[in-house]
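**Student:** Below you will find the structure I want to go over with you.
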Amino acid sequence: MKAMMLWEPGRMELVDLPLRALGPGEVLLKVEACSICGSDLEGYHGQHPKMTLPRVMGHEVASTVVQVGPEVECLSVGDRVAGMGSLACGQCPPCQAGKRDRCASPLSPGFTAHGAYAEYVVGRAQGCTPIPDDVSFTEAAVAQPAGIANHAVSTRAAVCPGEVLLIQGCGPIGLSAMMLAKLRGATVISTDIVDYRCDLARGMGADLVLNAHRDNVREAALDLTSGRGVDKAIECVGGDQDETIPEAVACVRGGGLVVVVGSFAADRATLPVIDFKFSEKTVTGSQSMPEGYGPIFDLIRSGKLDLAQLVSHRLPLEEVDHGLKMMDTKAENVIKVVIEP
Ligand SMILES: [Zn+2]
Ligand SMILES: [Zn+2]
C-alpha cells in the first residue's frame, strides 16, 4: 500500500509498505479521509514529545473497515468508522500473557505506530466509533478537533446560557469551541492574530472578534460586561507563546475560570499571580475527548453544527507535506486540510 513516510524532520516520501497480518482485536481500515492536526506539524518538525521516527503520521481519520482480525465482534467489513484507538504493543508482560487489552505500553497510530497518511491503517476495533449514515467521511475526520472543543466547552468549562466567554484562537478547535459555546447560549468574544481567521470567526457567528495583537482584548471584554470581566476563558492557541494565559486571567471576572486546551511547546507560562490570588480565579486544563464522537455526530445530524466550513483544503495522499507547509505558514487561508488517499 502507498503511505507517506516521515523519515526525519522535514523529509517525507511516498513509499510502498506491506500490509501486516492483524492481531486479536485489530481491524484493517481503508482510509477515506484524514485531517492534518497541529500535532502532525510538531512531528514534522521533530518537536512532538511522543512521536518516534520514521513514522507514517495521521490520526484524525475516517475510514471503512475492510478486514477484521481474530476476536473482533463489535465491527464488520464495510462499517464506516471514526478514530482507531491504540494498539497493543505485543511485547510487554500482559501482552505476552495473552492479555492484550491490558497492554502496559499501548502504541498510538500516527505517533508510535504507523498512522493514516496511507491507503490503509491498522486500528483497534474497540477504539473505532461507527459513523452515522448521514455524517460524511470528511465531517467525521474533522469531528475530532470538535470533540476536543466539546470536552472543554461542555465538561471542563460547563458553559451555561447567558455567560460571556473569551475564546482565544480561531483555528479548528477554537472555532469549534466558539460554535459549541454559542449553541449553549453563551455570548462569545473570539480572538486570533491572523486576519483571515478572525473573518472566518465573524462569518461563523462569534459575537465580537478581535485581533489580539492590534486590539485591546481586556478593554473590550470589560466594555462588553459592564466592567465585570468575562465569566470564562477558553485558551485554544498553545504553541510557542506566553501571551494567552496572562490575557485570559486578566479578562475573566473575580471567581472566573480559565480552561487551557492549547498544546504548549514549553512547560511554562506566566501567571499574573496577584490578580489570580486576590480575585479567586481558577485555571484548569482540558485534555482529549472522553465524551467521544457521539455528541458531535448528534449535533451534525441535527443540522446545528456545520463542520464542513472548517475544511479549507482537500488534498491527495502525495500532498501531505504540501498541506503541512501550508499550515506552517498559514498560507492560502488554511484552516483544516483533509487528506483523501
Ligand atoms: Zn490531533
Ligand atoms: Zn503490550
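The values are calculated or read from the model by the stated rules, or taken from the named source; none is laboratory data. This structure is a prediction, so every number in the text was calculated from the model and none was measured. Here the Cβ is made from the backbone with ideal geometry for all residues, glycine too, and neighbour counts use every protein chain on show.
**Student:** Kindly indicate whether any position in segment 214-224 is among the polar types (S, T, N, Q), in contact with a strand residue (DSSP E or B) (Cβ under 9 Å, 6 or more places away or on another chain), assigned by TED's automatic domain parsing to the domain that holds G169 and modelled with pLDDT of 95 or more.
**Tutor:** Yes, because at least one residue in segment 214-224 is among the polar types (S, T, N, Q), in contact with a strand residue (DSSP E or B) (Cβ under 9 Å, 6 or more places away or on another chain), assigned by TED's automatic domain parsing to the domain that holds G169 and modelled with pLDDT of 95 or more.
**Student:** Follow-up question, since we're still on this one. Between I234, I245, I296, which is part of a helix (DSSP H, G or I), in the same structural domain as L183 (by TED's automatic domain parsing) and closer than 25 Å to L200 by Cβ?
**Tutor:** Values: I234 fails: part of a helix (DSSP H, G or I); I296 fails: in the same structural domain as L183 (by TED's automatic domain parsing).
Exactly one residue qualifies, and that residue is I245.
**Student:** Same structure, new question: Out of segment 255-288, which residues are surrounded by fewer than 18 Cβ atoms within 10 Å (Cβ to Cβ), outside any strand (DSSP E or B) and touching a residue at least 60 places away in the same chain (Cβ under 8 Å)?
**Tutor:** S263, A265, Q287, S288
**Student:** Now for a different question. Identify all residues within segment 93-115 that are touching a Pro at 6+ places or on another chain (Cβ under 8 Å), more than 16 Å from ligand 1 (Cβ to nearest atom) and touching a residue at least 12 places away in the same chain (Cβ under 8 Å); write none if there are none.
**Tutor:** Of everything in segment 93-115, those that are touching a Pro at 6+ places or on another chain (Cβ under 8 Å), more than 16 Å from ligand 1 (Cβ to nearest atom) and touching a residue at least 12 places away in the same chain (Cβ under 8 Å) turn out to be R100, C103, A104.
**Student:** Let me ask something additional. Count, please, the residues in segment 78-91 that happen to be in contact with a helix residue (DSSP H, G or I) (Cβ under 9 Å, 6 or more places away or on another chain) and within 16 Å of ligand 2 (Cβ to nearest atom).
**Tutor:** Here the count works out to 6.
**Student:** Give the residues of segment 84-129 that are more than 19 Å from A141 (Cβ to Cβ) and among the hydroxyl-bearing types (S, T, Y), sorted by residue number.
**Tutor:** Within segment 84-129, S105, T112 qualify.
**Student:** Just to confirm my filter: which strands (runs of 3 or more DSSP E) fall fully inside segment 152-224 and include at least 2 residues that are surrounded by fewer than 24 Cβ atoms within 10 Å (Cβ to Cβ)?
**Tutor:** 208-211
**Student:** Which numbered condition in (1) in a strand (DSSP E or B); (2) more than 15 Å from the chain's Cα centre (by Cα) is the only one that C74 fails?
**Tutor:** So C74 meets the others, but not (1).
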